[in-house]
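Report on the structure given below.
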Amino acid sequence: MFETPRLLLRQWKESDFEAFADMNADPEVMRFYDRVLSKQESFEVALRLQRTIAANGHGLWVVELKENATFLGFVGVSDQDFGFSASPIKEIGWRLKRSAWGYGYATEAAREVFDDAKKRFDEIYSVTAKINLKSRAVMERIGLQYRPELDFEHPRVAKLELKEHVVYKNYAN
């Protein structure tokens, strides 16, 4: 669990699943993914995220607004294998519901998670579609460096405009 001045990053609860499904059903939130997720798919993902944190002590944490306990999305570090040269990796990532955009929550939460991850892992990456400029800006704000030599075509992405992915990595390595 992590805490910032405005946010609480915590383990998943079943009461988060509905808000998570609503977020994943929003086409604008899922713009840089192949598709929106069904309610059932979202519930399955939330259960997997909950189990991963319980088993590994790290994962994609729920981001909650402290002032009113509102579900905002998730931020955390996950184990990923995208098939590019550095895989498998520890990847810092986030997804916030649309009403939470523009308030600096992603940067605030990601910075807290990144500070912890630097103590636990030698290398931390972040990966996104090349055209996802807002996520790339968060990556840069938290201190990740663009590594163009690691860019790749995502093997699990079908949409042509999203296939090209960029890779950011912590400065230390």
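The values are calculated or read from the model by the stated rules, or taken from the named source; none is laboratory data. Quantities reported herein were computed from a predicted structural model and do not represent experimental measurements. Methodologically, a virtual Cβ is constructed for each residue, glycine included, from the backbone with ideal geometry; neighbour enumeration extends over all protein chains shown.
For the structure I just gave you, tell me whether Lys119 is of a type outside the set (Phe, Trp, Tyr), within 23 Å of Val62 (Cα to Cα) and modelled with pLDDT under 95. Yes, satisfied.
Pairs linking a residue in segment 1-21 that is crowded, with 18+ Cβ neighbours inside 10 Å to a residue that is modelled with pLDDT under 95 and assigned to a strand (DSSP E or B), with Cβ atoms under 6 Å and 6 or more positions apart or on different chains, are Leu9/Phe2.
Within segment 136-173, the set of residues being among the acidic types (Asp, Glu), out of contact with any Lys or Arg (no Cβ under 6 Å at 6 or more places or on another chain) and modelled with pLDDT of 90 or more comprises Glu140, Glu149, Asp151. Taking the residues in segment 49-62 that are of a type outside the set (A, V, I, L, M) and surrounded by fewer than 13 Cβ atoms within 10 Å (Cβ to Cβ) as candidates, determine which candidate is nearest to Lys13 (Cα to Cα). Restricting to residues being of a type outside the set (A, V, I, L, M) and surrounded by fewer than 13 Cβ atoms within 10 Å (Cβ to Cβ), the top hit is Arg51.
To keep it simple, each residue is scored yes or no on (1) over 16 Å from the mean Cα position of the chain (by Cα); (2) β-branched (Val, Ile, Thr); (3) within 22 Å of Phe114 (Cβ to Cβ); (4) at pLDDT below 95.
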{"position": "Thr4", "(1), (2), (3), (4)": "yes, yes, yes, no"}
{"position": "Lys13", "(1), (2), (3), (4)": "yes, no, no, no"}
{"position": "Asp22", "(1), (2), (3), (4)": "yes, no, no, no"}
{"position": "Ala25", "(1), (2), (3), (4)": "yes, no, no, no"}
{"position": "Phe32", "(1), (2), (3), (4)": "no, no, yes, yes"}
{"position": "Arg35", "(1), (2), (3), (4)": "yes, no, no, yes"}
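Listed conditions (1) outside any strand (DSSP E or B); (2) aliphatic (A, V, I, L, M); (3) under 23 Å from Pro5 (Cα atoms) are all met by Leu49, apart from (3). Could you tell me which residue of segment 70-85 is modelled with the highest pLDDT, considering only residues that are under 17 Å from Ala129 (Cβ atoms) and not polar (S, T, N, Q)? Once the filter is applied, the top-ranked residue is Phe82. With a requirement of 2 or more residues that are in contact with a helix residue (DSSP H, G or I) (Cβ under 8 Å, 6 or more places away or on another chain) and buried (at least 20 other Cβ atoms within 10 Å of the Cβ), the strands (runs of 3 or more DSSP E) lying completely within segment 72-173 that satisfy it span 89-96, 125-129, 164-170.
The number of residues in segment 52-68 being touching a residue at least 60 places away in the same chain (Cβ under 8 Å) and either aromatic (Phe, Trp, Tyr) or farther than 14 Å from Phe2 by Cα (or both) comes to 2.
Please tell me if Phe82 is touching a His at 6+ places or on another chain (Cβ under 7 Å) and either aromatic (Phe, Trp, Tyr) or touching a residue at least 40 places away in the same chain (Cβ under 8 Å) (or both). Spelling it out, Phe82 is indeed touching a His at 6+ places or on another chain (Cβ under 7 Å) and either aromatic (Phe, Trp, Tyr) or touching a residue at least 40 places away in the same chain (Cβ under 8 Å) (or both).
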